[in-house]
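Just below is one structure, and these are the notes that go with it.
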Amino acid sequence: MDLVSVLKRRGLIIENEAQAVDYLTNIGYFRLSAYFRPLLTEPKNNHIFKPDATFEKALNMYRFDRKLRLLLFNEIEKIEIAIRSTLVNTVSHETGTVFWMTDSYYFYNQPHFGLSLSLIQTELDRTKEDFILHFRAKYTDPYPPAWMIAEILPLGVLCNIYRNLASMRLKKQIAGYFGLTVPAFDSWIQVLAQLRNLCGHHSRVWNRESGITPANLGTPVHPWIDANKTDFKRVYCRICMVKYLLFTVSPYNTFTQKIKNLIAAFPTVDAGAMGFPADWETEPIWNA
């Protein structure tokens, strides 16, 4: 109840104090404080709320962010699985071996290969996956085939493995499948891995400004956005990246409608804080 009193003294309108106590107890003040911040007057360090600031508005931002994370996590899962499959299948087919991932011959930077191999070994040592245990029981090969290893590695490790491939032709083939150049694919995997981790750890996404800037597309294969009016550090750009990759991974997706429905369901949430331009619905990527 002390927190409720403090918030009210600072100008936050709380209509149902008992309910506010429940939310503060079960969600935690620290987590909710990120959603109180947009409702503060400037300078925000004074901790004084705007005249129309309500607890319900902050809670709606929290609810919106939660639904956005769930939506993005679901779509990124499809993309991540496709990346794993495409990487493994393409290199295995072109090299003629399913053990390429643990063979230094196929990588140009040997210290980086050694680090990746060490991470692979760490994951193999701690995994309880039946398919790995079955392989060890039946075969004497020092490492499982690439398609098994890829299933237990974090996306960030796979990104490093892709980056270290010796064959530029293979890297172009993999990136091209997703309608990207090699630099763009490399950049986008890192950004999506970060976004996936934020979603997976229930971290704030909706108005976050990232320190990683994804590469723009000079000649996109699929409809894209106007880079001149897009902040590439905001989540809108990342949402568009997900949409772009879904053209390949899930061409009959309903992602556009899901995004529109989510924004429409929370009219008090500022889409501009996510980097959405005022005319975002007219951009080609959302009308393809």
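Asn74 satisfies every condition listed in (1) free of Cβ contacts under 8 Å to residues at least 60 places away in the same chain; (2) farther than 30 Å from Gln173 by Cα; (3) in the same structural domain as Gly156 (by TED's automatic domain parsing) except (2).
The residue of the range 1-20 that is surrounded by the fewest Cβ atoms within 10 Å (Cβ to Cβ), among those that are modelled with pLDDT of 95 or more and among the β-branched types (Val, Ile, Thr), is Ile13. With respect to Leu245, determine if the residue is within 24 Å of Gly272 (Cβ to Cβ), at pLDDT 90 or above and among the aliphatic types (A, V, I, L, M). Against the criterion (within 24 Å of Gly272 (Cβ to Cβ), at pLDDT 90 or above and among the aliphatic types (A, V, I, L, M)), Leu245 does not qualify. Among the residues making up the range 271-288, those that are part of a loop (DSSP other than H, G, I, E, B) and surrounded by 16 or more Cβ atoms within 10 Å (Cβ to Cβ) are Gly275, Phe276, Pro277, Glu283.
Of the residues that make up the range 10-30, is at least one assigned to a loop (DSSP other than H, G, I, E, B) and under 20 Å from Cys199 (Cβ atoms)? Steps first, please.
Of all residues in the range 10-30, those assigned to a loop (DSSP other than H, G, I, E, B) come to 10-12, 14-16, 28.
Restricting the remaining residues to those that are under 20 Å from Cys199 (Cβ atoms) gives 28.
Yes, the range 10-30 contains at least one residue that is assigned to a loop (DSSP other than H, G, I, E, B) and under 20 Å from Cys199 (Cβ atoms).
Taken over the range 216-239, the criterion of being part of a loop (DSSP other than H, G, I, E, B), more than 19 Å from Ala288 (Cβ to Cβ) and either aromatic (Phe, Trp, Tyr) or over 15 Å from the mean Cα position of the chain (by Cα) (or both) is satisfied by Asp231, Phe232.
In the range 153-164, of all residues being modelled with pLDDT of 95 or more and out of contact with any Lys or Arg (no Cβ under 9 Å at 6 or more places or on another chain), the one that is nearest to Val191 (Cα to Cα) corresponds to Ile161. Here Ile212 fulfils each of the conditions (1) among the β-branched types (Val, Ile, Thr); (2) assigned to a helix (DSSP H, G or I); (3) without any contact (Cβ under 8 Å) to a residue 60 or more places away in the chain apart from (2). Among what's in the range 159-209 and is outside any loop (DSSP other than H, G, I, E, B) and aromatic (Phe, Trp, Tyr), pick the residue that is surrounded by the fewest Cβ atoms within 10 Å (Cβ to Cβ). Residue satisfying both the conditions and the ranking: Tyr177. Scanning the range 85-103 for residues that are free of Cβ contacts under 8 Å to residues at least 24 places away in the same chain and either touching a Pro at 6+ places or on another chain (Cβ under 7 Å) or within 11 Å of Ile161 (Cα to Cα) (or both) yields a total of 0.
Of all residues in the range 9-25, those that are acidic (Asp, Glu) have Cβ atoms under 9 Å from Cβ atoms of residues that are part of a strand (DSSP E or B) and modelled with pLDDT of 95 or more, 6 or more apart or on another chain, in Glu15/Thr54. Residue count for the range 105-130, restricted to those that are assigned to a helix (DSSP H, G or I), surrounded by 15 or more Cβ atoms within 10 Å (Cβ to Cβ) and of a type outside the set (D, E, K, R): 7. Could you check the range 91-101 and list, in sequence order, the residues that are part of a helix (DSSP H, G or I) and buried (at least 16 other Cβ atoms within 10 Å of the Cβ)? If the condition is that a residue be part of a helix (DSSP H, G or I) and buried (at least 16 other Cβ atoms within 10 Å of the Cβ), then Val91, Ser92, Thr95, Trp100, Met101 are the ones that fit. Per the conditions (1) more than 30 Å from Gly28 (Cα to Cα); (2) in contact (Cβ under 8 Å) with a residue 40 or more places away in the chain; (3) in contact with a Phe, Trp or Tyr (Cβ under 6 Å, 6 or more places away or on another chain), the sole criterion not satisfied by Cys199 is (1). For Phe30, the criteria (1) in contact with a helix residue (DSSP H, G or I) (Cβ under 9 Å, 6 or more places away or on another chain); (2) closer than 30 Å to Ile239 by Cα hold in every case but one, which is (1).
Of the residues making up the range 36-55, those that are part of a helix (DSSP H, G or I) and buried (at least 16 other Cβ atoms within 10 Å of the Cβ) are Phe36, Pro38, Leu39, Phe55.
The values are calculated or read from the model by the stated rules, or taken from the named source; none is laboratory data. Owing to the predicted nature of the structure, the values given are computational and were not obtained by experimental measurement. Here the Cβ is made from the backbone with ideal geometry for all residues, glycine too, and neighbour counts use every protein chain on show.
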